[in-house]
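Working notes for the structure below.
The values are calculated or read from the model by the stated rules, or taken from the named source; none is laboratory data. In this text the structure is predicted, and so the values were computed from the model without any measurement. Methodologically, a virtual Cβ is constructed for each residue, glycine included, from the backbone with ideal geometry; neighbour enumeration extends over all protein chains shown.
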Amino acid sequence: MKKRLLSYILVLTMVLIMTACGSDKEKETTSTNTTGKSVKVGLVTDVGGVNDGSFNQSSLEGLQRAGKELGIQVNYLESKTDADYKPNIQTFLEDDYDLIICIGKWLEDATREAAEDNPKKKFAIIDDMSMADMPNVTSIMFEQSQSAYLAGIAAGKMTKTNTVGFVIGRTNEIMNQFGYGYFSGVLDANSNAKILQINANSFTDTAAGKSAAVNMVTNGADIIFQAAGATGLGVIEGCKESNIWAIGVDSDQSSLAPKNILTSAMKRVDNACYDIAKCCQEGTIKSGVITYDLKNQGVDIAPTKTNLTDDVVKAIEETKQKIKSGEITVPKTKKEFEKKYGDIYELD
């Protein structure tokens, strides 16, 4: 009788243990996905495409990391022209995606229209805050002038000809922040420096980027910063062939030309896309504006510092701390730039 009772108690104990473990596992699964279904996040690129080596590619890498690490179902659609924005967004809507991330201010109109017509769907847009008051849109912004300023410090200190260049893909309020930040850094590091600039008016024309670089080299530039998407790949190629320094943008582009990339002004759109996808999975997405800067590691100089001298690395690190503390406020508009430096450079 005692043996039977002991056996019964052991069996009951094992059942209770197994039940408890099952409950913990179920709780863990539920906490990973509060919606109770597989979360789907889609990304729509601008015309630069996912092979631009910077803005769009970095965005996709961040989303793919979310897919791998968090188990989110992710997908992307490339926009070859501006006309592709609306149908690409519509495709994700028809496929019942939970969140649609739109990459770049150029998607502003298409995103607004889709968000207005689909108030129960979640949208995020990079580099645009015109929809910040819409309840189903998250605007993701960056203080890219800060990373561009650090790139300018590097260029101003390392130029041998006192002439550097800047190639922009297109001008607008957001893109101009790269320019005015860079101009400010160059001049603060080297008041004798001259800055050449070219507006390629394209994020996809690598030939135009290369031509711009060659033109600047002819006019004495020995360092060129590009904020031009795939057009910037042409700038890098031109710098490589001329054996001068290029400065990358958005991601660490040192792998594209290890001997010719001085540094890169990083804009962590990869982290932003990962973060917003995670929020979607957790059901914690909030509308309004999220801003990434040096303080929260949303922008920075590239970690690859092989081609920078020790004194320049030290100067950059000191400058970063001064920006974080508020001792240095980086100009990001024409008005702010002219207030400090006068009417000497203007982006057009």
Qualifying residue in segment 210-229 (condition: polar (S, T, N, Q), part of a helix (DSSP H, G or I) and in contact with a Phe, Trp or Tyr (Cβ under 7 Å, 6 or more places away or on another chain)): no
Some residue of segment 124-138 being in a helix (DSSP H, G or I) and within 17 Å of Glu173 (Cβ to Cβ): no
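Looking at the structure I just gave you, is Asp109 of a type in the set (Asp, Glu), farther than 18 Å from Tyr274 by Cβ and at pLDDT 95 or above? Write out each step before concluding.
Values: of a type in the set (Asp, Glu): yes; farther than 18 Å from Tyr274 by Cβ: yes; at pLDDT 95 or above: yes.
So Asp109 passes the test.
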Residues being out of contact with any Phe, Trp or Tyr (no Cβ under 6 Å at 6 or more places or on another chain), in a loop (DSSP other than H, G, I, E, B), crowded, with 17+ Cβ neighbours inside 10 Å and in contact (Cβ under 8 Å) with a residue 60 or more places away in the chain - total across segment 48-86: 5
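Looking at Asp98, Asp109 in this structure, which one is in contact with a Lys or Arg (Cβ under 8 Å, 6 or more places away or on another chain) and within 21 Å of Ala132 (Cα to Cα)?
Values: Asp109 fails: in contact with a Lys or Arg (Cβ under 8 Å, 6 or more places away or on another chain).
Within the list Asp98, Asp109, the selection yields Asp98.
So that you can scan it fast, the table gives a plain yes or no per residue for (1) at pLDDT 95 or above; (2) acidic (Asp, Glu); (3) closer than 17 Å to Val164 by Cα; (4) buried (at least 20 other Cβ atoms within 10 Å of the Cβ):
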{"position": "Asn199", "(1), (2), (3), (4)": "yes, no, yes, no"}
{"position": "Phe203", "(1), (2), (3), (4)": "no, no, no, yes"}
{"position": "Ser211", "(1), (2), (3), (4)": "yes, no, yes, no"}
{"position": "Val214", "(1), (2), (3), (4)": "yes, no, yes, no"}
{"position": "Thr231", "(1), (2), (3), (4)": "yes, no, no, yes"}
{"position": "Ser242", "(1), (2), (3), (4)": "yes, no, yes, no"}
{"position": "Val249", "(1), (2), (3), (4)": "yes, no, yes, yes"}
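For segment 282-333, what are the residues that are acidic (Asp, Glu), surrounded by 14 or more Cβ atoms within 10 Å (Cβ to Cβ) and in a loop (DSSP other than H, G, I, E, B)?
At the first step, the residues of segment 282-333 found to be acidic (Asp, Glu) are 282, 293, 300, 310-311, 317-318, 327.
Pick out the ones that are also surrounded by 14 or more Cβ atoms within 10 Å (Cβ to Cβ) and you get 282, 293, 300.
Result: Asp293, single match.
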